[in-house]
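Here's the structure, in structure tokens; my notes come after.
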Amino acid sequence: MVNTTIKTTKSQEVFAAAQNLMPGGVSSPVRAFKSVGGQPIVFDRVKGAYIWDIDGNQYIDYVGTWGPAICGHAHPEVIAALHEALEKGTSFGAPSVLENVLAEMVIDAVPSIEMVRFVNSGTEACMGVLRLMRAFTKRDKIIKFEGCYHGHADTFLVKAGSGVATLGLPDSPGVPKAATSTTLTAPFNDLESVKALFEENRDEIAGVILEPVVGNAGFIAPDAGFLEGLRELTHEHGALLVFDEVMTGFRIAYGGAQEKFGVTPDLTTLGKVIGGGLPVGAYGGRRDIMSMVAPAGPVYQAGTLSGNPLAMTAGIKTLELLQKPGTYDYLERITKKLADGLLQIAKETGHAACGGQISAMFGLFFTSGPVHNYEDAKKSDTAKFGRFHRGMLERGIYLAPSQFEAGFTSFAHTEEDIEQTLAVARDVMSSL
Ligand SMILES: *Cc1c(COP(=O)(O)O)cnc(C)c1O
């Protein structure tokens, strides 16, 4: 039933060649498997809950192209909509009806968003929102949390979670001191630290940006009252609250973490799911703030391919699919079965572990926990995670190649997929 030895000769050849062609052989660092050891597999195609490598091996996928594939890969309705859109051309660089449609869907769904600007990636969305926070408040400093990732813009590359953490770079060369001198950091779930930063920097802080549910330091949920406390503190100090929902938007709930937890930020960034597997990001929020964005206002931000018709089409179709009744109940049920199952197996096989899930996002740390922040997460046995990851991969289960990444399910994952995954996990954990 479970294949225990896989041949990955072709993957190895292609990846070896890639290393001569591209830095580290990849287009984005975590893909190189540096933190788990071993070689990455090279993909041939994806469909539903599955991926196939170029040696023909099939895997159950819990990465979902890092979040977008919440309907499962290459959903037939998304593909059909794309075929139709493709006939009309690949890029307009001019207004299209599709932008209105997706904008209305996003505004209807996400409580904080009254107006939205589309961009091409989560990084770009976070860069845009940063400039806007500063322009609106006429203040330069921002507070971010240790282990939270907001894309690779200079200002955010301080204690920036997974990609950076995984590679053991506390920061990145090439980032000028001036770019991060306005970045203040606090531990996640620690309101007192945030309070202290506001006291020490009175009238200087533009806002607080965070992943409302952390995924880039592994999966970390907000403690009761944390998001509410940030909402109060930012109000009190005339600062903006920004939820980076690039990962959590349309995943934690249709309206994102802000719907799930009932806390409405001033601004929100989106990405991943809203592109349905094509490159899209977005930022949006209060009308008075968004009205400052060019050309309505003076805050410059632009993009040749922004609002791209293919990307808008994939996003619209993906959100339509998510609106089907029962979708989020199903995602919750299968993901809970997976996360609970993994914890139970770890316990029975004698491994210290903790973790959890909300909706279609989950995590497992090899530490007894509890994990409330990045410091706690770092106590994990990353060598053990590396062996676990490799064991799972060799038996046909594709997990994110880092202890400090969240896992993702989709509504293409079946109960049987989850059961097979747990059976493999039992095998692998028994021999870790
Ligand atoms: C993925 C991610 C980003 C960056 O998005 P890209 O599309 O990779 O640039 C920003 N913030 C969060 C929370 C993310 O998960």
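Under 22 Å of direct C-alpha separation, and excluding same-chain neighbours fewer than eight residues apart, Lys88 reaches these lysines: Lys317.
Compute the FRET efficiency between Asp340 and Asn201 as 1/(1 + (r/R0)^6), taking r as their Cβ-Cβ distance and R0 = 45 Å, and round to the nearest 0.05. Present the calculation step by step, with values, prior to reporting the outcome.
Values: r = 42 Å, r/R0 = 0.94.
Approximately 0.60, to the nearest 0.05.
With the helix formula -39500 (n - 2.57) applied to DSSP H stretches of n ≥ 4, the chain reaches a computed 222 nm mean residue ellipticity of -11500 deg cm²/dmol.
For a protection proxy built on the mean count of beta-carbon atoms within 10 angstrom, sort 218-228, 114-124 highest first, please. Could the numbers behind the result be given before it?
Details: 218-228: 20.1, 114-124: 22.3.
The packing order, highest mean first, is 114-124, 218-228.
Computed over the stretch 304-432, the alpha-carbon pair-distance distribution with 10 angstrom bins reads 12, 38, 28, 16, 5, 0, each value a whole percent.
The residues Tyr50, Tyr59, when put in order of fewest to most other Cβ atoms within 10 Å, stand as Tyr50, Tyr59.
Counting DSSP beta bridges in the chain, what percent are antiparallel, to the nearest 5?
The answer is about 55 percent antiparallel.
With semi-axes defined as the square roots of five times the eigenvalues of the C-alpha gyration tensor, the equivalent ellipsoid of the stretch 9-95 measures 28, 18, 13 Å, largest first. If you take the Cα centroid of the stretch 253-306 and the Cα centroid of the stretch 62-105, the two points sit 17 Å apart. Scaled to the globular estimate 2.2 N^0.38 Å, the Cα spread of the stretch 169-295, given as radius of gyration, is 1.11. Comparing Ala282, Ala406, Ala85 in a Gaussian network model of the chain, where Cα atoms under 10 Å apart are tied by springs, the biggest mean-square fluctuation is seen for Ala85. Legend: calculated FRET efficiency, Ile54 to Glu87, from the Cβ-Cβ distance at R0 = 30 Å, rounded to 0.05, equals 0.50. On C-alpha positions alone, give me the angle between the axis of helix 9-21 and the longest principal axis of the chain, in degrees, nearest 10. Taking Cα atoms only, the helix is inclined about 40 degrees. Here the peptides 319-328, 420-429 are ranked by packing, the mean other Cβ count within 10 Å, and the order with the highest first is 420-429, 319-328. Using alpha carbons only, how many degrees (0 to 90, rounded to 10) separate the axis of helix 382-394 from the longest principal axis of the chain? Helix 382-394 sits at roughly 60 degrees to that axis. With a Förster radius of 45 Å applied to the beta-carbon distance between Leu432 and Thr9, the computed FRET efficiency rounds to 0.95. Amide H contacts of Gly207: Ile143, Leu240, each under 5 Å away and 5 or more positions distant or on a separate chain (H built 1.01 Å from N in the peptide plane; Pro and chain starts excluded). Relative to the longest principal axis of the Cα atoms of the chain, the long axis of helix 327-348 lies at roughly 60 degrees. As a rough footprinting exposure proxy, the listed residues Trp52, Trp66 were ranked by other beta carbons within 10 Å of their own, and the order from fewest upward is Trp52, Trp66. Structure remark: mean-square fluctuation, Gaussian network model of the chain, C-alpha springs under 10 Å; the largest value among Ala314, Ala16, Ala217 belongs to Ala16. Placing pseudo-labels 7 Å out from each Cα toward the beta carbon at Asp140 and Phe43 gives an inter-label distance of 4.1 nm. When the chain is treated as a GNM with alpha-carbon contacts under 10 Å, the residue of Pro23, Pro265, Pro173 showing the greatest mean-square fluctuation is Pro173.
Quick check: from the Cα gyration tensor, does the stretch 109-256 come out rounded (a/c under 1.5), prolate or oblate? Cα axes put the stretch 109-256 in the rounded bin.
Hull volume per residue, based on the alpha-carbon atoms of the chain and their convex hull, is 138 Å³.
We did not get these values from a lab; they are worked out from the coordinates using the rules stated. All of these numbers come straight from a predicted model, not from anything done at the bench. For neighbour counting, all protein chains shown are included, and Cβ atoms are generated from backbone atoms with ideal geometry for every residue, glycine included.
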